[in-house]
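Reading through the C-alpha cells given below for one structure.
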Amino acid sequence: MGKLCNVTLTKGDMAISLMGHDKNRYYIVIAELSDDFVLVADGIRRSVDDPKLKRRKHLKFVCKTDATCDDISIKKIILLEEQNAKRR
C-alpha cells in the first residue's frame, strides 16, 4: 500500500474516500475537527445531521464547492461530479 499524505481540507471542499468500506465515495467536508479528522456528508447515506468522522489522510481533495450545509445541495453537487467523472 502506498504512503498516504495529510491533505488540507476545509469546509465546503469535495473529497473522495481512499480507504474503508466507503472507498471511492464522494463527500463534502462539513466541519474540521482537528489536524487529523473532518466530518463529511454525502446527503444520502450520511446526512448533515449524522455526518461521518473521517481521517484526512483517507480522503483525496477533488475540488472546492460553494455547497451550503444542507443535504439537497450536497446531493446535487456530488451527483454532478459523479456524472462528470464517468465522462472522463
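Only the coordinates and a few stated rules stand behind these numbers; no lab work does. Everything quoted here is computed from the prediction, not taken from an experiment. Cβ sites come from the backbone with ideal geometry, for glycine too, and all protein chains shown count toward neighbours.
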Please express the shape of the stretch 22-88 as an equivalent ellipsoid: the semi-axes are the square roots of 5 times the eigenvalues of the C-alpha gyration tensor, given largest first in whole angstrom.
19, 14, 10
Cut-off under 5 Å, modelled amide H: who pairs with residue 18 long-range:
24, 59, 60
Just how far, in whole angstrom, is the stretch 12-28 from the stretch 49-78 if you go by their alpha carbon centroids?
8
Which ³J(HN,Hα) values in Hz, rounded to whole numbers, follow from the phi angles of the stretch 42-57 under the Karplus curve 6.51 cos²θ - 1.76 cosθ + 1.60, where θ = phi - 60° and Gly and Pro get x?
10, x, 10, 6, 10, 8, 4, 6, 9, x, 9, 7, 9, 6, 4, 5
Dipole size in debye (nearest 20) for the stretch 13-87 around its Cα centre, Lys and Arg Cβ +1, Asp and Glu Cβ -1?
440
Under the Karplus curve 6.51 cos²θ - 1.76 cosθ + 1.60, θ = phi - 60°, whole-Hz ³J(HN,Hα) for the stretch 69-86, x wherever Gly or Pro sits:
7, 9, 4, 5, 5, 5, 4, 4, 5, 5, 4, 4, 5, 5, 5, 5, 5, 5
Compute a Gaussian network model of the chain, connecting alpha carbons closer than 10 Å, and tell me which residue from 38, 48, 62 fluctuates the most.
62
So how much slack lies between residue 23 and residue 45, counting 0.36 nm per residue of separation and subtracting their Cα-Cα distance, in nm?
6.6 nm
What is the distance, in nm, between label points placed 7 Å from the Cα along the Cα-to-Cβ direction at residue 8 and at residue 64?
1.1
